[in-house]
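Peer 1: Could you have a look at this structure, given as C-alpha coordinates, before my questions?
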Amino acid sequence: MEYKVIRSKRKTVSMKLGSDGQAVVRAPLYMRDAEIARFVERHSGWLEKQLARRVPPVRFADGDRTEICGRSLTVVSAKRACIAEDTLFLPAEGREKALVSLLRKIAGERMKRLLDRYSREGGFSYRGLKITSARTRWGSCNSDGGIAFSFRTAFLPDALAEYLAVHELSHTLRMDHSAAFWKIVAQYIPDYKSRRKALKGYHWAMECL
Ligand SMILES: [Zn+2]
(Lines give C-alpha, C1' and ligand atoms only; values in the text may rest on other atoms or scores of the structure.)
Protein backbone atom coordinates (compact mmCIF):
# COMPACT_ATOMS: atom_id res chain seq x y z
CA MET A 1 0.00 0.00 0.00
CA GLU A 2 1.36 3.42 -0.92
CA TYR A 3 1.27 6.34 1.43
CA LYS A 4 2.93 9.64 2.06
CA VAL A 5 4.50 10.41 5.43
CA ILE A 6 4.52 13.91 6.89
CA ARG A 7 6.61 14.21 10.02
CA SER A 8 6.16 16.99 12.48
CA LYS A 9 6.53 17.81 16.15
CA ARG A 10 3.55 15.76 17.22
CA LYS A 11 3.14 12.95 19.68
CA THR A 12 0.66 10.71 17.93
CA VAL A 13 0.36 9.14 14.51
CA SER A 14 -2.72 9.55 12.30
CA MET A 15 -3.76 8.70 8.80
CA LYS A 16 -6.26 10.16 6.37
CA LEU A 17 -7.17 9.85 2.73
CA GLY A 18 -6.15 12.87 0.66
CA SER A 19 -8.47 14.29 -1.97
CA ASP A 20 -6.22 12.74 -4.65
CA GLY A 21 -6.87 9.27 -3.21
CA GLN A 22 -3.46 8.92 -1.59
CA ALA A 23 -3.13 8.01 2.07
CA VAL A 24 -1.31 10.59 4.16
CA VAL A 25 0.24 9.56 7.46
CA ARG A 26 1.14 12.23 9.98
CA ALA A 27 3.81 10.98 12.34
CA PRO A 28 6.10 12.25 15.09
CA LEU A 29 9.58 13.36 13.96
CA TYR A 30 11.46 10.35 15.29
CA MET A 31 9.00 7.53 14.73
CA ARG A 32 10.71 4.67 12.92
CA ASP A 33 9.61 3.78 9.36
CA ALA A 34 8.85 0.20 10.39
CA GLU A 35 6.58 1.43 13.12
CA ILE A 36 4.73 3.68 10.67
CA ALA A 37 4.39 0.75 8.27
CA ARG A 38 2.88 -1.35 11.04
CA PHE A 39 0.41 1.42 11.85
CA VAL A 40 -0.66 1.62 8.19
CA GLU A 41 -0.92 -2.17 8.01
CA ARG A 42 -3.16 -2.23 11.09
CA HIS A 43 -5.50 0.32 9.51
CA SER A 44 -5.44 -1.03 5.96
CA GLY A 45 -9.00 -2.32 6.25
CA TRP A 46 -10.23 1.14 7.18
CA LEU A 47 -8.27 2.68 4.33
CA GLU A 48 -9.67 0.25 1.77
CA LYS A 49 -13.18 1.08 2.91
CA GLN A 50 -12.49 4.80 2.52
CA LEU A 51 -11.05 4.24 -0.95
CA ALA A 52 -14.06 2.19 -2.06
CA ARG A 53 -16.40 4.91 -0.84
CA ARG A 54 -14.51 7.64 -2.62
CA VAL A 55 -16.30 9.13 -5.61
CA PRO A 56 -14.02 10.84 -8.11
CA PRO A 57 -15.25 14.40 -8.64
CA VAL A 58 -17.22 14.64 -11.87
CA ARG A 59 -16.35 17.68 -13.95
CA PHE A 60 -17.63 18.75 -17.31
CA ALA A 61 -14.50 20.16 -18.88
CA ASP A 62 -13.77 19.84 -22.60
CA GLY A 63 -12.65 16.30 -23.38
CA ASP A 64 -14.21 14.85 -20.21
CA ARG A 65 -16.50 11.89 -20.69
CA THR A 66 -19.89 11.59 -19.05
CA GLU A 67 -22.96 9.43 -19.35
CA ILE A 68 -26.46 10.72 -20.01
CA CYS A 69 -29.44 8.37 -20.44
CA GLY A 70 -26.97 5.50 -20.63
CA ARG A 71 -25.05 7.08 -23.51
CA SER A 72 -21.37 7.79 -23.17
CA LEU A 73 -20.64 11.36 -24.31
CA THR A 74 -17.58 13.56 -24.71
CA VAL A 75 -17.82 17.19 -23.63
CA VAL A 76 -17.06 19.80 -26.30
CA SER A 77 -17.44 23.60 -26.14
CA ALA A 78 -20.23 25.15 -28.20
CA LYS A 79 -22.55 28.14 -28.19
CA ARG A 80 -25.42 26.31 -26.56
CA ALA A 81 -26.03 23.10 -24.63
CA CYS A 82 -27.20 20.09 -26.65
CA ILE A 83 -26.42 16.47 -27.36
CA ALA A 84 -25.59 15.21 -30.83
CA GLU A 85 -24.52 11.61 -31.38
CA ASP A 86 -21.76 10.96 -28.85
CA THR A 87 -21.01 14.59 -28.01
CA LEU A 88 -22.30 16.76 -25.20
CA PHE A 89 -21.98 20.37 -26.36
CA LEU A 90 -21.79 22.92 -23.56
CA PRO A 91 -21.15 26.66 -23.54
CA ALA A 92 -17.86 27.84 -22.06
CA GLU A 93 -19.62 30.42 -19.92
CA GLY A 94 -22.35 29.45 -17.48
CA ARG A 95 -21.56 25.83 -18.30
CA GLU A 96 -23.04 24.21 -15.20
CA LYS A 97 -26.25 26.23 -15.38
CA ALA A 98 -26.70 25.33 -19.05
CA LEU A 99 -26.08 21.67 -18.29
CA VAL A 100 -28.58 21.64 -15.43
CA SER A 101 -31.31 23.10 -17.62
CA LEU A 102 -30.54 20.57 -20.36
CA LEU A 103 -30.70 17.73 -17.81
CA ARG A 104 -33.99 19.11 -16.44
CA LYS A 105 -35.48 19.01 -19.91
CA ILE A 106 -34.19 15.48 -20.62
CA ALA A 107 -35.33 14.17 -17.22
CA GLY A 108 -38.75 15.83 -17.53
CA GLU A 109 -39.45 14.42 -20.98
CA ARG A 110 -38.27 10.92 -20.21
CA MET A 111 -39.94 10.59 -16.81
CA LYS A 112 -43.23 11.95 -18.19
CA ARG A 113 -43.10 9.41 -21.03
CA LEU A 114 -42.38 6.56 -18.58
CA LEU A 115 -45.04 7.63 -16.08
CA ASP A 116 -47.63 7.80 -18.85
CA ARG A 117 -46.58 4.45 -20.30
CA TYR A 118 -46.76 2.58 -16.98
CA SER A 119 -49.96 4.40 -16.01
CA ARG A 120 -51.58 3.05 -19.18
CA GLU A 121 -50.18 -0.45 -18.63
CA GLY A 122 -50.90 -0.67 -14.92
CA GLY A 123 -53.90 1.58 -14.48
CA PHE A 124 -51.98 3.87 -12.10
CA SER A 125 -52.99 7.47 -11.87
CA TYR A 126 -50.68 10.25 -10.72
CA ARG A 127 -51.19 13.95 -10.31
CA GLY A 128 -48.45 15.95 -11.95
CA LEU A 129 -44.70 15.60 -12.34
CA LYS A 130 -42.10 17.94 -10.88
CA ILE A 131 -38.38 17.97 -11.65
CA THR A 132 -36.28 18.91 -8.62
CA SER A 133 -32.59 19.33 -7.76
CA ALA A 134 -32.75 16.69 -5.00
CA ARG A 135 -29.42 15.12 -4.09
CA THR A 136 -30.58 12.65 -1.51
CA ARG A 137 -33.25 10.77 -3.42
CA TRP A 138 -34.03 10.09 -7.06
CA GLY A 139 -37.76 10.47 -6.74
CA SER A 140 -40.69 10.88 -4.40
CA CYS A 141 -44.46 10.65 -4.36
CA ASN A 142 -46.78 12.57 -2.04
CA SER A 143 -50.12 11.45 -0.68
CA ASP A 144 -51.96 13.45 -3.38
CA GLY A 145 -50.26 11.39 -6.08
CA GLY A 146 -47.85 14.18 -7.06
CA ILE A 147 -44.58 12.69 -8.30
CA ALA A 148 -41.17 14.37 -8.32
CA PHE A 149 -37.85 13.28 -9.80
CA SER A 150 -34.41 14.81 -9.50
CA PHE A 151 -32.97 16.21 -12.74
CA ARG A 152 -30.07 13.89 -11.89
CA THR A 153 -32.15 10.95 -13.16
CA ALA A 154 -31.11 12.17 -16.63
CA PHE A 155 -27.70 10.58 -15.97
CA LEU A 156 -29.29 7.13 -15.54
CA PRO A 157 -29.76 4.50 -18.24
CA ASP A 158 -33.36 3.75 -19.31
CA ALA A 159 -33.64 0.54 -17.29
CA LEU A 160 -33.03 2.43 -14.04
CA ALA A 161 -35.34 5.31 -14.99
CA GLU A 162 -38.07 2.72 -15.71
CA TYR A 163 -37.59 1.21 -12.28
CA LEU A 164 -37.87 4.66 -10.66
CA ALA A 165 -41.06 5.47 -12.58
CA VAL A 166 -42.69 2.21 -11.48
CA HIS A 167 -41.46 2.68 -7.90
CA GLU A 168 -43.11 6.10 -7.56
CA LEU A 169 -46.27 5.04 -9.39
CA SER A 170 -46.59 2.08 -7.02
CA HIS A 171 -46.61 4.60 -4.18
CA THR A 172 -49.88 5.99 -5.57
CA LEU A 173 -51.34 2.66 -4.42
CA ARG A 174 -49.21 2.07 -1.32
CA MET A 175 -47.25 4.75 0.51
CA ASP A 176 -44.99 2.28 2.35
CA HIS A 177 -42.20 -0.08 1.35
CA SER A 178 -44.02 -3.19 2.54
CA ALA A 179 -43.94 -6.60 0.89
CA ALA A 180 -47.24 -5.67 -0.79
CA PHE A 181 -45.59 -2.57 -2.27
CA TRP A 182 -42.67 -4.54 -3.72
CA LYS A 183 -45.14 -7.03 -5.19
CA ILE A 184 -46.70 -4.24 -7.23
CA VAL A 185 -43.25 -3.07 -8.40
CA ALA A 186 -42.28 -6.64 -9.36
CA GLN A 187 -45.31 -6.97 -11.63
CA TYR A 188 -43.78 -4.41 -13.99
CA ILE A 189 -40.07 -4.69 -13.13
CA PRO A 190 -39.43 -8.34 -12.22
CA ASP A 191 -35.68 -7.67 -11.78
CA TYR A 192 -36.20 -4.56 -9.65
CA LYS A 193 -33.72 -5.82 -7.03
CA SER A 194 -30.77 -5.72 -9.41
CA ARG A 195 -31.87 -2.35 -10.80
CA ARG A 196 -32.04 -0.93 -7.28
CA LYS A 197 -28.52 -2.18 -6.69
CA ALA A 198 -27.31 -0.70 -9.98
CA LEU A 199 -28.52 2.74 -8.83
CA LYS A 200 -25.73 2.74 -6.25
CA GLY A 201 -23.24 2.95 -9.11
CA TYR A 202 -24.65 6.37 -9.99
CA HIS A 203 -23.95 8.02 -6.67
CA TRP A 204 -21.67 10.45 -8.53
CA ALA A 205 -24.74 11.92 -10.22
CA MET A 206 -25.98 13.02 -6.77
CA GLU A 207 -22.71 14.76 -5.95
CA CYS A 208 -21.92 16.58 -9.19
CA LEU A 209 -23.46 19.93 -10.16
ZN1 LIG B 1 -40.34 4.57 -2.18
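The values are calculated or read from the model by the stated rules, or taken from the named source; none is laboratory data. Predicted model only: the values in this text are computed from it and were never measured. No Cβ is skipped: glycine too gets one built from the backbone with ideal geometry, and neighbour counts run over all protein chains shown. Heavy atoms of the whole protein, side chains included, go into the accessibility calculation; ligands, DNA and RNA do not. Shrake-Rupley method; radii C 1.70, N 1.55, O 1.52, S 1.80 Å.
Peer 1: Would you mind telling me which numbered condition in (1) closer than 30 Å to Tyr126 by Cα; (2) crowded, with 17+ Cβ neighbours inside 10 Å Lys112 fails?
Peer 2: (2)
Peer 1: Please give the number of the condition Glu121 fails out of (1) surrounded by 14 or more Cβ atoms within 10 Å (Cβ to Cβ); (2) under 29 Å from Asp191 (Cβ atoms).
Peer 2: So the condition that Glu121 fails would be (1).
Peer 1: Related question: Let me confirm something: among Ala134, Ala98, Ala148, which residue is modelled with pLDDT under 95, open to solvent by less than 40 Å² (accessible area, probe 1.4 Å) and closer than 20 Å to Cys208 by Cβ? Don't jump to the end; show me each part of the working.
Peer 2: Numbers: Ala98 fails: modelled with pLDDT under 95; Ala148 fails: modelled with pLDDT under 95.
None of the others qualify; the one that does is Ala134.
Peer 1: So is His177 in the same structural domain as Lys112 (by TED's automatic domain parsing), open to solvent by less than 30 Å² (accessible area, probe 1.4 Å) and free of Cβ contacts under 8 Å to residues at least 40 places away in the same chain or not?
Peer 2: On the way: in the same structural domain as Lys112 (by TED's automatic domain parsing): yes; open to solvent by less than 30 Å² (accessible area, probe 1.4 Å): no; free of Cβ contacts under 8 Å to residues at least 40 places away in the same chain: yes.
When the stated conditions are applied, His177 does not pass them.
Peer 1: Right, here's the next one. Look at the range 61-89 and say how many of its residues are in a strand (DSSP E or B) and either more than 22 Å from Ser133 (Cα to Cα) or under 21 Å from the mean Cα position of the chain (by Cα) (or both).
Peer 2: Just the residues of the range 61-89 that are in a strand (DSSP E or B), to begin with: 65-68, 71-77, 82-84, 87-89.
Now restrict to residues that are either more than 22 Å from Ser133 (Cα to Cα) or under 21 Å from the mean Cα position of the chain (by Cα) (or both): 65-68, 71-77, 83-84, 87-88.
Of the residues in that region, 15 qualify.
Peer 1: Further question: Which of the numbered conditions does Thr74 fail, given that it passes all the others? Conditions: (1) open to solvent by less than 50 Å² (accessible area, probe 1.4 Å); (2) in the same structural domain as Ser194 (by TED's automatic domain parsing); (3) of a type in the set (S, T, N, Q).
Peer 2: The failed condition is (2).
Peer 1: Taking the range 180-202 as the search range and keeping residues that are surrounded by 16 or more Cβ atoms within 10 Å (Cβ to Cβ) and in contact with a Gly (Cβ under 9 Å, 6 or more places away or on another chain), which one is farthest from Cys69 (Cα to Cα)?
Peer 2: Filtering first and then ranking leaves Ile184.
Peer 1: Here are Ala198, Ala107, Ala165: which of them is at negative phi, touching a residue at least 12 places away in the same chain (Cβ under 8 Å) and touching a strand residue (DSSP E or B) at 6+ places or on another chain (Cβ under 7 Å)? Full working, then the answer.
Peer 2: Working: Ala198 fails: touching a strand residue (DSSP E or B) at 6+ places or on another chain (Cβ under 7 Å); Ala165 fails: touching a strand residue (DSSP E or B) at 6+ places or on another chain (Cβ under 7 Å).
Only one candidate qualifies: Ala107.
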